[in-house]
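Let me begin by presenting the structure, written as structure tokens, before commenting on it.
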Amino acid sequence: MAKTCNVALIGQGFMGRTHSNAYLKVSKFFHDLPLDPVMHTVFGMEQENPAAFAARWGWKNWVTDWRKAIRDADVNFVDLVTPNYMHMEPALAAMAAGKPVATEKPIAGTLADARAMVEAAKKAKVKTFVWYNYRRCPAVALAHELVKAGKLGRIFHVRCVYLQDWGGPKTPLLWRFQKKLAGSGAHGDLNAHIVDMARFITGDEIVEVSGAIAETFIKEREIPSAASAGGIAGGAKGGVKMGKSDVDDAVLFLTRFKKGAVGSFEASRLATGYKNQNGIEIHGEKGALRFRFEDMNYLDYYDNTAEVKVQGWNRIMCTSGGNHPYVGAWWPDAHILGYEHGFVNQAADIMRVLGGQTPVVPIPDFADAYETQRVLEAALLAAKNRAAVKMSEVK
Ligand code: SOE
């Protein structure tokens, strides 16, 4: 019988649901874990009705002061799903209490917050994690394994996009459109994922960022009624209160990698027609890979070492239990997986690491996620200065 790990979830919302579902399901599908998570306490603000959220998802306790959850001696692990501006303070408090801590991506809204979290983690000597969930899509984990096995050889090109289209003029001024709460817009939300994924799959690091463009297409958005009571400053447009969106709707940039590859990254919330198209293409001397999240069970692989007459893109369905990462815990071949499975797979790997075992594929800790945050910062600098930025210039 595995030992238990009492989890405190700090925050609710969309990620509160994906993480609650992960803790609810993980031990039912992964039978070999060293620790079974117990859904011990969830924090939510009064107006978010944490009692109802706790009852719906099976959290044993709920609090409206996150410090209480972190101070609780029975809590063994703290998981943050709060908006980006509220990652640092609870993370520092958890580490000061000697507790392992995870945050949703990106590690923080700003490089300064991220740096403070990394430094505190070094001092506290506690385990840390960042939920870059797409690493645990079986197809992405397989891509990582193929590159690590040398299947692509020398890599020339890395081409990444993360395209959504929910950010149109009708979308209100959510926290994601306010720099003081989010840090940046599509950039920290979406480029964060593809920079992490590019680093994870290639095993390489970015050394220079150039050709960066940041654009805010929609400069004013309607202040949501609840928020207008919160005093977000804004003008009125025909009785509707409007507020300034001070973050990007799209950021594009070019990169050089340490081992010589060149890369392009494009994130947008106004890529009409794409709902959640997180995609990467990698071209190497011996082969190529292509992944698109909207078709997440497949990895396209081009074997450039095959006989020319049979060369072509192999469309691999990554659902074979014995061959593809994570799927053995789920369903028989071709009974495909979805977005939520990546979070359950990550909860399994977090329990493995907390229990002294190794994850199926690496999980970014705060120090690893800081490298992604540095690239995000370099891209914003490159866009502002309309000049190339060497990573050595961004500490
Ligand atoms: C919104 O862009 C969002 O919810 C991201 O924040 C998530 O990380 C992504 O998985 C889905 O889209």
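The values are calculated or read from the model by the stated rules, or taken from the named source; none is laboratory data. Quick caveat: nothing in here was measured; it's all calculated off a predicted structure. A quick note on method: Cβ atoms are made from the backbone with ideal geometry, for glycine too, and the neighbour counts reach across all protein chains shown. For the accessible areas, the whole protein counts, side chains as well, though only heavy atoms, and no ligand, DNA or RNA atoms are used. Shrake-Rupley method; radii C 1.70, N 1.55, O 1.52, S 1.80 Å.
Where a ≥ b ≥ c are the square roots of the eigenvalues of the C-alpha gyration tensor, would you call the chain rounded, which needs a/c under 1.5, or, failing that, prolate if a/b is larger than b/c, or oblate?
oblate
Rounded, prolate or oblate, given the Cα gyration tensor of segment 243-395, with a/c below 1.5 counting as rounded?
In terms of gyration-tensor shape, prolate.
Quick one: of the DSSP bridges fully inside the chain, what percent are antiparallel, nearest 5?
Beta bridges within the chain, antiparallel portion: roughly 60 percent.
Towards the positive end of the charge dipole of the chain, with charges on Cβ (+1 Lys, Arg; -1 Asp, Glu), say which of 156, 209, 41 has the farthest Cα.
Result: 209.
Hey, how many Å between the Cα centroid of segment 24-50 and the Cα centroid of segment 141-184?
What the calculation gives is 27 Å, centre to centre.
Tabulate in residue order the Karplus-calculated ³J(HN,Hα) for segment 102-107, using 6.51 cos²θ - 1.76 cosθ + 1.60 with θ = phi - 60°, rounded to whole Hz; enter x for Gly and Pro.
Karplus-based 3J(HN,Hα) across segment 102-107 equals 10, 10, 5, 7, x, 3 Hz.
Whose amide H sits under 5 Å from the amide H of residue 33, counting only residues 5 or more places off or on another chain, with H placed in the peptide plane?
Answer set, sorted by chain and number: none.
Straight distance only, please: which aspartates and glutamates reach the Cα of residue 99 with their own Cα at less than 13 Å, same-chain residues fewer than 8 apart left out?
The reachable aspartates and glutamates, counting only those whose Cα sits under 13 Å from residue 99, are 72, 74, 79.
For the chain, what does -39500 (n - 2.57) per DSSP helix run (n ≥ 4), summed and divided by total residues, give at 222 nm, in deg cm²/dmol to the nearest 500?
-9500 deg cm²/dmol
Residue by residue through segment 139-156, which ³J(HN,Hα) values in whole Hz follow from phi under the Karplus form 6.51 cos²θ - 1.76 cosθ + 1.60 (θ = phi - 60°), with glycine and proline marked x?
Along segment 139-156, the couplings run 5, 6, 5, 5, 4, 4, 5, 5, 5, 4, 7, x, 5, 9, x, 5, 8, 9 Hz.
Cut-off under 25 Å on the C-alpha distance; same-chain residues fewer than 8 positions from residue 179 excluded. Which lysines are left, in chain and number order?
105, 170, 219, 237, 241, 244, 275, 384, 390, 395
Measure off, as a whole percent, the carbon and sulfur share of the 1.4 Å-probe accessible area of the chain, all protein chains present.
Here carbon and sulfur together make up 54 percent of the probe-accessible area.
Would you kindly derive the ³J(HN,Hα) couplings of segment 331-341 from the backbone phi angles with the Karplus curve 6.51 cos²θ - 1.76 cosθ + 1.60 (θ = phi - 60°), listing them in order in whole Hz, with x for Gly and Pro?
So the Karplus estimates, Gly and Pro as x, are 10, x, 3, 6, 8, 2, 10, x, 4, 5, 5 Hz.
I'd like to compare 248-257, 187-196: which one has the highest average count of other Cβ atoms within 10 Å, and what's the full order after that?
187-196, 248-257
Given a 1.4 angstrom probe, what's the average accessible area per residue across the chain, in square angstrom?
Per-residue accessible area for the chain comes out at 43 Å².
Give the shape of segment 102-199 as rounded, prolate or oblate, defined through the alpha-carbon gyration tensor: a ≥ b ≥ c are the square roots of its eigenvalues, a/c under 1.5 means rounded, and otherwise the shape is prolate if a/b is larger than b/c and oblate if not.
It is oblate, given that a/c is not under 1.5 and a/b is not larger than b/c.
Considering segment 54-130, what Rg and Dmax in Å follow from its alpha-carbon atoms?
12.4, 37
Tell me, Kirkwood radius of segment 3-133 from alpha-carbon pair distances, in Å?
14.7 Å
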